[in-house]
Amino acid sequence: MMPRYQIACHTRAWKPEQWKESLDEIAGLGFAGVEGVSALFEKFADKTELAKKHLHDRHLKLAALAVSGVFTIPGRREEMLHQHSALARFLQKLGTHHLLVTLESREINESLSHDFKAAAALLDELGKRCLDFFDVYLCVLPQRGSRIETGDEIDRLMNLVDLDAVFLGLDTGQFVLMEEEPAKILKTYGECVRHLHFSDPVTNEKEEKAGPAGAYPEYGALGEGRMNFAEIKDILEVLDYHGWITAVFDTSHEPPRETAERSKRFLDHLFGTGEQAL
């Protein structure tokens with residue numbers, strides 16, 4: 001039976017030059033896909049067939065590409081359209097359907113109202129272009145320190161954009177760090193969500209033990225921190241979500257493979273499956 005969810009692993013815990021090593025380790029743990037950042041595009045923009053071969057040889061798919069951009073300044077419009085259209089074209093060649101964008105900078109350009117309207121207009125245009133020409137969903141990914149980081153800001157933006165062109169990617173752990181309820185946000189915006197990050201902020205005890213040097217990462221292995229993933233799973237079942245879920249973590253005190261292995265084991269237990277089939 002086909003699994004309800006396709007489980008990917010983010011490559012951010014590995015160094016950019018460890019691309020093939022990260023794929024080997026992620027595939028070896030049974031993940032169905034990987035997620036990359038802009039460095040992946042920079043590395044393979046003119047080597048699409050090589051990137052496809054790396055993935056195909058390991059029976060992996062590229063679940064999504066996560067990037068950032070300045071969407072609140074009208075003068076950057078053409079630049080953003082060009083850059084992100086190139087990213088969407090790259091994803092189309094790799095058979096990937098999700099481009100995650102984080103809106104850079106909380107600095108107000110003209111006024112808060114003007115900035116949100118400018119961002120919405122640009123996202124609408126780009127989102128339509130991504131879908132019409134590349135079959136790629138443009139998903140806004142809220143992140144701390146970006147223009148969209150809170151539930152209120154998500155609400156403000158989603159009331160301005162065309163919901164047939166602009167979608168959401170949600171990261172569970174970032175809302176915990178913002179002292180908001182990820183379950184509540186998922187319930188509210190679930191119909192707009194096309195991609196999910198499962199991340200788990202480390203416990204307060206680990207933060208205290210880490211000390212000023214930060215021996216522990218911000219996000220640890222899934223199931224070992226503050227997130228209530230069982231609650232998120234229940235909401236996904238109600239929403240009938242059938243999409244990618246990417247395991248996101250950082251490492252500083254152990255090799256990324258070890259964190260990935262514990263995260264995969266937790267996800268297998270959570271979803272009742274020991275393997276991923278596409």
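The values are calculated or read from the model by the stated rules, or taken from the named source; none is laboratory data. Just so it is clear, the model here is predicted, and its values are computed rather than measured. Positions of Cβ are backbone-derived with ideal geometry, glycine not excepted, and every protein chain shown enters the neighbour counts. Calculation scope for accessible area: heavy atoms of the full protein, side chains included, ligands and nucleic acids excluded. Shrake-Rupley method; radii C 1.70, N 1.55, O 1.52, S 1.80 Å.
Points to keep in mind about this one:
- All positions within segment 151-179 that are buried (at least 21 other Cβ atoms within 10 Å of the Cβ), touching an Asp or Glu at 6+ places or on another chain (Cβ under 8 Å) and not in a helix (DSSP H, G or I): V161, V166
- Search result, residues across segment 120-162 that are more than 20 Å from L65 (Cα to Cα) and out of contact with any helix residue (DSSP H, G or I) (no Cβ under 7 Å at 6 or more places or on another chain): A121, T150, D152, E153, D155, N159
- Qualifying residue in segment 134-144 (condition: modelled with pLDDT under 95, surrounded by fewer than 24 Cβ atoms within 10 Å (Cβ to Cβ), more than 17 Å from the chain's Cα centre (by Cα) and not basic (K, R)): no
- The sole residue among L186, L196 that is surrounded by 17 or more Cβ atoms within 10 Å (Cβ to Cβ), in contact with a strand residue (DSSP E or B) (Cβ under 8 Å, 6 or more places away or on another chain), at pLDDT 90 or above and in a helix (DSSP H, G or I) is L186.
- Of everything listed in (1) under 18 Å from E35 (Cβ atoms); (2) at pLDDT below 95; (3) out of contact with any Phe, Trp or Tyr (no Cβ under 6 Å at 6 or more places or on another chain), the single unmet condition for D250 is (3).
- Yes/no for P182 being more than 25 Å from Q92 (Cβ to Cβ) and in contact with a Ser or Thr (Cβ under 7 Å, 6 or more places away or on another chain): yes
- Residues of segment 221-231 satisfying the condition of being touching a Ser or Thr at 6+ places or on another chain (Cβ under 8 Å) and open to solvent by 20 Å² or more (accessible area, probe 1.4 Å): G223, E224, G225, R226, M227
- Of the numbered criteria (1) farther than 24 Å from K233 by Cβ; (2) touching a residue at least 12 places away in the same chain (Cβ under 8 Å); (3) out of contact with any strand residue (DSSP E or B) (no Cβ under 9 Å at 6 or more places or on another chain); (4) in a loop (DSSP other than H, G, I, E, B), the one S146 fails is (3).
- Restricting segment 78-107 to residues that are at pLDDT 95 or above and basic (K, R), the residue that is nearest to G169 (Cα to Cα) is R89.
- Among (1) buried (at least 17 other Cβ atoms within 10 Å of the Cβ); (2) more than 24 Å from A86 (Cβ to Cβ) - the single one A66 does not satisfy: (2)
- Residue match in segment 27-36 (condition: open to solvent by 20 Å² or more (accessible area, probe 1.4 Å), modelled with pLDDT of 95 or more and in contact with a strand residue (DSSP E or B) (Cβ under 8 Å, 6 or more places away or on another chain)): yes
- Consider segment 255-278 and keep the residues that are in a loop (DSSP other than H, G, I, E, B) and loosely packed, with under 13 Cβ neighbours inside 10 Å. The one that is modelled with the lowest pLDDT is L278.
- Checking each residue in segment 69-94 for being small (G, A, S) and open to solvent by 50 Å² or more (accessible area, probe 1.4 Å) picks out only G75.
- Criterion (at pLDDT below 95 and open to solvent by 20 Å² or more (accessible area, probe 1.4 Å)) met by exactly one of D234, D240: D240
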